[in-house]
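The values are calculated or read from the model by the stated rules, or taken from the named source; none is laboratory data. Since we're looking at a predicted model, the values are computed, not measured. Methodologically, a virtual Cβ is constructed for each residue, glycine included, from the backbone with ideal geometry; neighbour enumeration extends over all protein chains shown. The protein model used for the area step is the full one, side chains on, heavy atoms only, and it has no ligands, DNA or RNA in it. Shrake-Rupley method; radii C 1.70, N 1.55, O 1.52, S 1.80 Å.
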Amino acid sequence: QVQLVESGGGLVQPGGSLRLSCAVSGSILRISAMGWYRQAPGKQRESVASISSAESGGTTVYADSVKDRFTISRDNAKNTMYLQMNSLRPEDTAVYYCNQWPPALSWGQGTQVTISS
């Protein structure tokens, strides 16, 4: 069974940066489109960014709310996906998850990102 382990969250002031990591067991990262998702308190989980498989060109797509601030990337050799988050805002506060795009795997525990002064 594929496991997803997110890490890298924390408490950051507005305007700061964080880099999230998603460790994916097995070789599914290389052949799958993958995505980052987030869920804020009292809200539904939403998609943040996606990246197609390497064979499909690694095309990236972002939600309008994070465009030009977040960057999704993958390192297939390390079975790890990343989300570089810059210019963070309080509304980015959420638990962040990774999964396939669209999501088809069991969700990991997520990593908490809190943006507050």
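Here is a yes/no grid of residues against (1) assigned to a loop (DSSP other than H, G, I, E, B); (2) modelled with pLDDT of 95 or more:
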site	(1), (2)
43	yes, yes
55	no, no
61	no, yes
64	yes, yes
67	yes, yes
71	no, yes
83	no, yes
87	yes, yes
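Taken together, the residues in region 11-50 that are of a type in the set (Val, Ile, Thr) and open to solvent by 50 Å² or more (accessible area, probe 1.4 Å) amount to 1.
Filtering 65, 53 for residues that are in contact (Cβ under 8 Å) with a residue 12 or more places away in the chain, buried (at least 16 other Cβ atoms within 10 Å of the Cβ) and over 11 Å from the mean Cα position of the chain (by Cα) leaves a single hit, 53.
When region 1-32 is examined, which residues are found to be assigned to a loop (DSSP other than H, G, I, E, B) and modelled with pLDDT of 95 or more? Across region 1-32, the qualifying residues are 8, 9, 13, 14, 15, 16, 17.
Which count do you get for residues in region 104-115 that are in contact (Cβ under 8 Å) with a residue 40 or more places away in the chain and surrounded by fewer than 16 Cβ atoms within 10 Å (Cβ to Cβ)? Counting residues in region 104-115 that are in contact (Cβ under 8 Å) with a residue 40 or more places away in the chain and surrounded by fewer than 16 Cβ atoms within 10 Å (Cβ to Cβ) gives 5. Among residues of region 78-91 that are under 22 Å from residue 117 (Cα atoms), those with a beta-carbon under 8 Å from a residue that is assigned to a helix (DSSP H, G or I) at least six positions away or on a different chain give the pairs 85/92. Hey, among the residues in region 90-103 that are surrounded by 14 or more Cβ atoms within 10 Å (Cβ to Cβ) and out of contact with any Asp or Glu (no Cβ under 8 Å at 6 or more places or on another chain), which one's farthest from residue 71 (Cα to Cα)? Looking at the filtered set, the residue picked out is 103. Is there a residue in region 77-86 that is of a type outside the set (S, T, N, Q) and exposed (fewer than 14 other Cβ atoms within 10 Å of the Cβ)? So far as region 77-86 goes, yes, one or more of its residues are of a type outside the set (S, T, N, Q) and exposed (fewer than 14 other Cβ atoms within 10 Å of the Cβ).
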